[in-house]
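Beneath this line is the structure, given in structure tokens, with notes to follow.
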């Protein structure tokens, strides 16, 4: 016997498919936006996670906070290190898990990416109600939390 989806599950499935399509478009737009800085959307995302962290973190923690895979984040951190955007420092709490730290060049690059993103975000948000954006964020956050609690997050 096949379980049929509820109306809410059908609506959620449609939302998920739209989010997948949106993700692809956002990655392409991000790649174009930061290409001249030597970044990709993925590098920019990891750089942002490092910049936004309250303190230096090891790769595994960055991956966890991003909802990503430790090996993939490590590969991107290695790329960022070769570009001189991050450095690895000794972690006093764990010898083998170095802390990832932005360099001055990394901070300048991230700040420039943010300056490039601002007019793009302003244009993209035109004609969208802040109330609708806030509602969408709450729904996305609730879905993320449910997935995290159910162990659906990528393993680190």
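The values are calculated or read from the model by the stated rules, or taken from the named source; none is laboratory data. Only a predicted model underlies this, so the values are computations on that prediction, with no experimental measurement involved. Quick reminder, even Gly has a Cβ in these numbers, built from the backbone with ideal geometry, and neighbours come from all protein chains shown.
At a glance:
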{"item": "Any hit, the stretch 117-130, residues being surrounded by 14 or more Cβ atoms within 10 Å (Cβ to Cβ) and in contact with a helix residue (DSSP H, G or I) (Cβ under 6 Å, 6 or more places away or on another chain)", "result": "no"}
{"item": "Selection within the stretch 94-104 - surrounded by fewer than 14 Cβ atoms within 10 Å (Cβ to Cβ) and free of Cβ contacts under 8 Å to residues at least 24 places away in the same chain", "result": "95, 96, 104"}
{"item": "Failed item, numbered, when residue 80 is tested on (1) under 23 Å from residue 35 (Cα atoms); (2) in contact (Cβ under 8 Å) with a residue 40 or more places away in the chain; (3) part of a helix (DSSP H, G or I)", "result": "(2)"}
{"item": "Test for residue 148: is it within 24 Å of residue 12 (Cβ to Cβ) and out of contact with any strand residue (DSSP E or B) (no Cβ under 6 Å at 6 or more places or on another chain)", "result": "yes"}
{"item": "Residue match in the stretch 145-153 (condition: touching a helix residue (DSSP H, G or I) at 6+ places or on another chain (Cβ under 8 Å) and modelled with pLDDT of 95 or more)", "result": "no"}
{"item": "Verdict on residue 72 being surrounded by fewer than 13 Cβ atoms within 10 Å (Cβ to Cβ) and assigned to a helix (DSSP H, G or I)", "result": "no"}
{"item": "Test for residue 64: is it touching a residue at least 24 places away in the same chain (Cβ under 8 Å), buried (at least 18 other Cβ atoms within 10 Å of the Cβ) and assigned to a helix (DSSP H, G or I)", "result": "yes"}
{"item": "Residue match in the stretch 83-93 (condition: part of a helix (DSSP H, G or I) and either under 17 Å from residue 66 (Cβ atoms) or free of Cβ contacts under 8 Å to residues at least 12 places away in the same chain (or both))", "result": "no"}
{"item": "Options 29, 35; residue that is in contact (Cβ under 8 Å) with a residue 40 or more places away in the chain and part of a helix (DSSP H, G or I)", "result": "29"}
{"item": "Cross-chain or 6+ apart pairs with Cβ under 9 Å, the stretch 3-22 first and more than 14 Å from residue 136 (Cα to Cα), then modelled with pLDDT under 95 and not in a helix (DSSP H, G or I)", "result": "13/5"}
{"item": "Single residue of the stretch 38-54 satisfying the filter (without any contact (Cβ under 8 Å) to a residue 12 or more places away in the chain and more than 16 Å from residue 116 (Cα to Cα)) that is surrounded by the most Cβ atoms within 10 Å (Cβ to Cβ)", "result": "52"}
